[in-house]
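Heads up: the structure comes next, in structure tokens.
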Amino acid sequence: MYTSIYVHIPVCIQKCSYCDFFSVPSASLPECFSFDEFVSALSVEIEAKKKLYGASGFDTVYIGGGTPSLIPEKNAEDLCRIIDLSGAKRICEWTVEMNPGDITPEKLSVWQDGGVSRLSLGIQTFDRKILNALFRRNSPEENHRALDFISGYWKKDLSVDFIAGLPFQTEASLLDDLGLVMDYSPSHISLYQLSVEEGTPLAEKVGAGAMPLPSEDEASDIWFAGKKFLEDSGFIRYEISNFSRPGFESRHNLTYWRLNSFIGAGPGASGTLVRGDSCIRFENTKNIAEWLSFWKNYSGSVCFCGDSGLALPEDIPMETCKISVQDFVLETIMMGMRLSSGIDMKVFFERFGTDIFSCIGNVLDKWAGRGMIRIEGGNIFLTEEGSMFLNRFLLDCAEEISVTGRVLFR
């Protein structure tokens, strides 16, 4: 069996003001940390997790963070070799995230020669004032330099991230950003709407009135202007926030949105193991020293975990949670309806042993009557108008499943 793997690199130079992902600035890393030790421990964890999942290799690989582009070239070579030897021959997509300020021809060569097929570049914006407000360490000049290097040295796929609704942003500034990047022929673009996460520096500034943000209506207009630009440029919106040239959808992220199994490796990484209607979620410790100590000294001993029914390494620094079938149904609907193709009714039935109408039939009838749901080719999906009210749709689904689930999934 082949599965997907997400490898988390929890190191950055400085935290962006909006970021709530787990990462530690390099100046604050524990004394025991080195990239030599880190990559060696990853090797052990990856092999142990493969056994836990019964996997012989990987279909997709995603190296994220944090800032994976901080990995020194020698360690990047080692990590690529580890993944390749772990059964990467069947990989159809292998992504690494990179910060524009870290990109050099030498780094691009190492990752490309190691098997990476896709770069995910965090541009966010070319506007200097906005970059400074976000505590982004890359400047407009570094953004352009990185794209020039990629244009000259990278022969594979390029994905670029942008955010709509940023401080000081306007429709015109976002369209300028998107227009600039088109010169570099990306095959995939993520256009996220800014989410102000509690506990981040940005949330504190916004709460104190020290950071102006576009209003909700203005932020929505900015995002829709970007959406129209991308679609007019030949990109297909295949997920709420993701656009691609035809055939260049992120296959790894489709694993998440379809709620299929994937391994999570590295401090703070999460993973999911799915068998039929059984879903188990794992979350690694965010204590880097604890994670390093365990995997450096791992001997292969196991103990039986009654909650998950799996043989797990003894004292593994990882939280394990078995998701109820009722919650798994709701998650499947929540994630599936993010996709423009929606939910495959046959796959849903094969997973849960019941059709989706038994779970949310009233909701589907109501939303179809409003012209916000369509059923075509065995798939159920939100229309363009319906997707604007995704959260309301999901709330309706949750309410109905709270009733039907008690009968269907006792």
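Tabulated results
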quantity: Near pairs, Cβ below 7 angstrom, 6+ apart or cross-chain, from the range 338-367 (touching a residue at least 12 places away in the same chain (Cβ under 8 Å)) to any residue that is outside any helix (DSSP H, G or I) and of a type in the set (Phe, Trp, Tyr); calculated: LEU339/TYR238; SER340/TYR238; SER340/PHE381; SER341/PHE381; GLY342/PHE381
quantity: Scope the range 141-179; condition surrounded by 15 or more Cβ atoms within 10 Å (Cβ to Cβ), acidic (Asp, Glu) and either more than 25 Å from the chain's Cα centre (by Cα) or within 15 Å of LEU131 (Cβ to Cβ) (or both); matching residues; calculated: GLU142, ASP161, GLU171, ASP177
quantity: Filter result for ILE263 (in contact with a Gly (Cβ under 9 Å, 6 or more places away or on another chain), of a type outside the set (D, E, K, R), at pLDDT 95 or above and part of a strand (DSSP E or B)); calculated: yes
quantity: Matching entry among PHE235, PHE229 (being over 22 Å from the mean Cα position of the chain (by Cα), crowded, with 17+ Cβ neighbours inside 10 Å and over 19 Å from SER17 (Cβ atoms)); calculated: PHE229
quantity: Long-range neighbours under 8 Å by Cβ, at least six apart or interchain, first residue part of a loop (DSSP other than H, G, I, E, B) within the range 188-200, second crowded, with 16+ Cβ neighbours inside 10 Å and polar (S, T, N, Q); calculated: THR200/SER17
quantity: Residue list for the range 156-173, filter: touching a strand residue (DSSP E or B) at 6+ places or on another chain (Cβ under 6 Å) and within 21 Å of GLY234 (Cα to Cα); calculated: ASP157, LEU158, SER159, VAL160, ASP161, PHE162, ILE163, ALA164
quantity: Members of the range 307-325 that are out of contact with any Asp or Glu (no Cβ under 9 Å at 6 or more places or on another chain) and either open to solvent by 50 Å² or more (accessible area, probe 1.4 Å) or modelled with pLDDT of 95 or more (or both); calculated: ASP307, ALA311, GLU314, ASP315, SER324
quantity: Strands (runs of 3 or more DSSP E) lying entirely in the range 1-110 (those with 3 or more residues that are β-branched (Val, Ile, Thr) and either open to solvent by 10 Å² or more (accessible area, probe 1.4 Å) or touching a residue at least 40 places away in the same chain (Cβ under 8 Å) (or both)); calculated: 2-9, 57-65
quantity: Meets criteria (more than 17 Å from VAL7 (Cβ to Cβ), of a type in the set (Phe, Trp, Tyr) and open to solvent by 30 Å² or more (accessible area, probe 1.4 Å)) for PHE126; calculated: no
quantity: Residue ranges of helices (runs of 4 or more DSSP H) in the range 322-410 with at least 2 members under 21 Å from ARG237 (Cα atoms); calculated: 325-336, 384-387, 390-408
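The values are calculated or read from the model by the stated rules, or taken from the named source; none is laboratory data. Everything numeric in this text was worked out from a predicted model, so none of it was measured. Note that each Cβ is placed from the backbone with ideal geometry, even for glycine, and that neighbours are counted across all protein chains shown. Areas reflect the complete protein model, heavy atoms only, side chains present, ligands, DNA and RNA absent. Shrake-Rupley method; radii C 1.70, N 1.55, O 1.52, S 1.80 Å.
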